[in-house]
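The values are calculated or read from the model by the stated rules, or taken from the named source; none is laboratory data. Just so we're clear, the structure is a prediction, and the values are computed from it rather than from any experiment. Positions of Cβ are backbone-derived with ideal geometry, glycine not excepted, and every protein chain shown enters the neighbour counts. Areas reflect the complete protein model, heavy atoms only, side chains present, ligands, DNA and RNA absent. Shrake-Rupley method; radii C 1.70, N 1.55, O 1.52, S 1.80 Å.
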Amino acid sequence: GFFVVLGRCGTALPFEPDPIFDTIDLNATYFAIRKIFARMRLSPKEMAALIGGGHGSGKGSLEGGTYHGNWVSPTSPMNNAYFQLLTGHKQWCAVKSSDNGNAHFVAKGAADYIAETEYSPLSKYIGKIPCIETGPNKAVFDKLPTIPANELSFQSGIWHKSSGAASMLPVDFALQYANETYEHVKMWAFNGRLFFADFQAAWTKMAEHGQQLRCPDVNGPADFAYSDQCASRFGAEATYRKTWISIRSDIRELFESLPPRCNSTRVAAPQPSATGSVCPSSILRLGFHISATYDPESDVNIGGSNFANFLGPCAIFDGCAGCLKDTQLSLQRIQQRYQHAHVSLADVTLYAAGLAAAYLAEFQLNHMPFHPGRVDYKIIDEAMCKELGDRLPSPAYQWKSSPGGADGKPMEGMLSGDLLLPTVGSASMLMQDQPVLV
């Protein structure tokens, strides 16, 4: 899986990159994540599609730091099952893990569909561990019961192979907290084709942020004329096409050599090889994390696919404290074969990430558009790396004081310009006259 996690660290590589949240505040999480995607010039709909795409494959795992489990069944390709699980506002319980106290949502285990009956970590504890259940007007979950971490990390399965527990993050349930995203969650739950179309459009937009030169699509027929600038960079159009066909073949061979899912993305030291930490899901995640550094208002480095990579001093600022290092290096090895053709690592990385989405979706995203032309921006120092890494979202957010204050004043810790969703009567609704971050 490709979940967005921020590891704030110094020069030493931490083993637990994620912050610990032993309560859940969907109001704070929603507005913080929306603010980040708005900075990336992405709408709430695009935000929901991208998060759902990254978390919607059974090959993905929450095991990237201090969280455990799987969003969907391990046999599921990337599809709309993730959104089906988020609809209804019920059958999920807030718990905290015994190993570090971090809060998760887990399947209750009382409904008759697979995520509940097969991979629920609570089914064997009914009556012993209470369920603090989700609901349409509920934002804050506290005094959470503790569940054994091993129950989150491993469920043996009944009809299918073993997996992590059916588990979600606060950022997942934040998508069903506000109407501006929940309306899309419901539509995608009933219409998988619509989800794939919206994901493809959102991914293409995000992956081209910061890109200055765009050359014709190499995953299908040319969608615009081959410019003089493209010819100056890549040579004759026939050569350009041949180069990218060859790169696609190399990426396909890489996929075929990898395990279908990462054994773990948890930081470990030292890893003797890339075996286990590199898989199609980690490649998709890498593409997202690079693109998510985009800040067009920055006067130093706007980030995005044209201005960021996670090599050298930036390796530990990849959003999971170095867990994507081997993934980046595996793609660099492909790129180095084509340096003579002026192919950048940025292009190879984003191309591979889009192809990884198609691979995980199993024929539902066969024609992900890709426009080469990115360059590799030189990272000057660790301070610039940290600035890029600090732009990546976290799994959860909280205000410093509890929401719902009677005085109606902005709460301590609320980001400037943020709005508090109403927590009485209809907390899941955004009023039509509320301003929206853009």
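In table form, for the structure just shown:
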{"read-out": "Answer residue from the stretch 11-45, given it is at pLDDT 65 or above, among the charged types (D, E, K, R) and surrounded by fewer than 19 Cβ atoms within 10 Å (Cβ to Cβ) and is farthest from residue 320 (Cα to Cα) among those", "value": "45"}
{"read-out": "Any pair with Cβ under 8 angstrom, 6 or more apart, that starts in the stretch 126-140 at a residue that is closer than 19 Å to residue 116 by Cα and modelled with pLDDT under 90 and ends at one that is of a type in the set (Lys, Arg) and assigned to a strand (DSSP E or B)", "value": "none"}
{"read-out": "Given (1) under 20 Å from the mean Cα position of the chain (by Cα); (2) closer than 22 Å to residue 50 by Cα; (3) open to solvent by 10 Å² or more (accessible area, probe 1.4 Å), number of the condition residue 315 does not satisfy", "value": "(2)"}
{"read-out": "Residue 245 modelled with pLDDT under 95 and closer than 26 Å to residue 307 by Cα", "value": "no"}
{"read-out": "Out of 138, 128, 124, sole residue that is open to solvent by 40 Å² or more (accessible area, probe 1.4 Å), farther than 24 Å from residue 60 by Cα and assigned to a helix (DSSP H, G or I)", "value": "124"}
{"read-out": "Which numbered condition residue 84 misses (of (1) open to solvent by 60 Å² or more (accessible area, probe 1.4 Å); (2) assigned to a loop (DSSP other than H, G, I, E, B); (3) within 29 Å of residue 31 (Cβ to Cβ))", "value": "(2)"}
{"read-out": "Where a residue in the stretch 177-188 is hydroxyl-bearing (Ser, Thr, Tyr) and its partner, wherever it lies, is assigned to a helix (DSSP H, G or I) and open to solvent by 10 Å² or more (accessible area, probe 1.4 Å), with Cβ under 8 Å and at least six apart", "value": "181/44; 181/45"}
{"read-out": "Residue ID - surrounded by the most Cβ atoms within 10 Å (Cβ to Cβ), chosen from residues in the stretch 234-246 that are closer than 17 Å to residue 222 by Cβ and within 30 Å of the chain's Cα centre (by Cα)", "value": "244"}
{"read-out": "3 or more residues among the aromatic types (Phe, Trp, Tyr): qualifying helices (runs of 4 or more DSSP H) within the stretch 179-256", "value": "179-190, 192-207"}
{"read-out": "Inter-residue pairs, beta-carbon under 8 Å, first in contact (Cβ under 8 Å) with a residue 40 or more places away in the chain and in the stretch 339-361, second of a type in the set (Ser, Thr, Tyr) and outside any helix (DSSP H, G or I), 6+ apart", "value": "346/305; 346/377; 349/305; 350/305; 360/57; 361/57"}
{"read-out": "The stretch 198-218 residues that are more than 16 Å from residue 39 (Cα to Cα), paired with ones that are among the hydroxyl-bearing types (Ser, Thr, Tyr) and at pLDDT 95 or above (beta carbon under 6 Å, 6 or more apart)", "value": "216/226"}
